[in-house]
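Trainee: I have a structure here, written as structure tokens, and I will follow up with some questions on it.
The values are calculated or read from the model by the stated rules, or taken from the named source; none is laboratory data. This one's a predicted model, so the numbers in the text were calculated from it and none came from an experiment. Counting neighbours? That spans all protein chains shown, and the Cβs are built from the backbone with ideal geometry, glycine included. Quick note on the areas: whole protein, heavy atoms, side chains included, nothing else; ligands and nucleic acids left out. Shrake-Rupley method; radii C 1.70, N 1.55, O 1.52, S 1.80 Å.
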Amino acid sequence: MCDFNTLDDAQKLHYHQILLNAAANFGGKNFFLQLLEAIRESKPHPLIAANREFNIGLGSIKWNKVIFNDKLQLLQKARLNESKQNNLLPSKDDKSYKKVLNLVRTLKPIVFTVRPNVKENGSSFIFQPFDIIDEETTKLNPLFDALFFCSIETVKKILNYEPKA
């Protein structure tokens, strides 16, 4: 998803609607982008927080399982190949296949809840890190990818996308 320019119009529109809906549920595009900026500025990466939450003045993200740094590093490596092969899982012949499969099995049950601090700004929304298409195809959830990995410029492009008439 982070390679937005290479997507076809239907995929662009699909991701635009997903992110626009999430932004609306967090108080609008501006608040959503502020959340992303705070996540990008946070060191170490917020996903490895032992308390399983990330807070800023506008709201919070909470999840139900600790993610260790080795899993985060493997995820970052695997997501680079996802756009090339249209699948997070490498081919079964690849020596990293088993590690990535175990990563997916470990992180799949995690549920992320994103809540604005002021209820009038929007309702909360939840998502999981992966979309399991079938036994051999797994993709990163677009919200998970946008919140924790894509560049802010790319997310802005997706949020402001206008389909061609």
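Trainee: If the only charges are +1 at each Lys and Arg Cβ and -1 at each Asp and Glu Cβ, what is the size of the charge dipole of region 1-119 around the Cα centre, to the nearest 20 debye?
Mentor: On the way: 19 positive and 10 negative charges, 104 e Å.
About 500 debye.
Trainee: Okay, moving on. So, R0 is 22 Å and r is the distance between the beta-carbons of L7 and E37; what FRET efficiency does that work out to, to 0.05?
Mentor: Numbers: r = 24 Å, r/R0 = 1.08.
It comes out at approximately 0.40.
Trainee: Compute for the chain: radius of gyration divided by Kirkwood radius, i.e. Rg/Rh, restricted to C-alpha atoms, rounded to two decimals. Each step should come with its number before you reach the end.
Mentor: On the way: Rg = 15.8 Å, Rh = 16.5 Å.
Radius of gyration relative to Kirkwood radius: 0.96.
Trainee: For K95, K84, what's the largest-to-smallest order of accessible area, 1.4 Å probe?
Mentor: Details: K95 195, K84 160 Å².
Descending accessible area places them as K95, K84.
Trainee: Let me ask you something else. Under 25 °C and 0.890 mPa s, how fast does region 1-80 diffuse according to Stokes-Einstein, given a Kirkwood radius computed over C-alpha pairs? Answer in µm²/s, whole number. Please report the intermediate quantities before stating the final value.
Mentor: Details: Rh = 14.5 Å.
Translational D for this selection: 169 µm²/s.
Trainee: Also, I was wondering about something else. Kirkwood Rh over Cα pairs of region 109-154 into Stokes-Einstein at 37 °C, 0.692 mPa s: D in µm²/s? Walk me through the intermediate numbers first.
Mentor: Values: Rh = 12.3 Å.
Rounded, D is 268 µm²/s.
Trainee: With every protein chain in place, what's the accessible area of E37 (1.4 Å probe, Å², nearest 10)?
Mentor: Spelled out: E37, probe radius 1.4 Å, area about 70 Å².
Trainee: For region 1-56, what is the accessible area per residue in Å², given a 1.4 Å probe and the full set of protein chains?
Mentor: Values: 2930 Å² over 56 residues.
About 52 Å² of surface per residue is accessible.
Trainee: With the chain treated as a Gaussian network of Cα nodes joined by springs under 10 Å, which of I133, I39, I67 yields the largest mean-square fluctuation?
Mentor: I133
Trainee: Let me ask something additional. Please give the per residue accessible area of region 102-165, computed with a probe of 1.4 Å over protein heavy atoms only, in Å². List each step's numbers first, then the result.
Mentor: Values: 3350 Å² over 64 residues.
Accessible surface, normalised per residue, equals 52 Å².
Trainee: To continue, here is another question. Starting from the Cα-Cα distance between K119 and N55, subtract it from 0.36 nm times their residue separation and give me the gain in nm to one decimal. Could you put the intermediate results ahead of the total?
Mentor: On the way: separation 64, 0.36 × 64 = 23.04 nm, distance 1.55 nm.
Result: 21.5 nm gained on full extension.
Trainee: Considering Cα pairs under 8 angstrom that are at least six residues apart, work out the relative contact order of region 19-137 and quote it in whole percent.
Mentor: On the way: 147 pairs, mean separation 33.6, N = 119.
Relative CO of region 19-137 lands at 28 percent.
Trainee: How large is ³J(HN,Hα) for each residue in region 85-94, as worked out from phi by the Karplus curve 6.51 cos²θ - 1.76 cosθ + 1.60 (θ = phi - 60°), to whole Hz, x for Gly and Pro?
Mentor: Result, rounded to whole Hz: 9, 6, 6, 5, 6, x, 5, 5, 6, 5.
Trainee: With every protein chain left in place, what is the accessible area of R79 in Å² (1.4 Å probe, nearest 10)?
Mentor: 40
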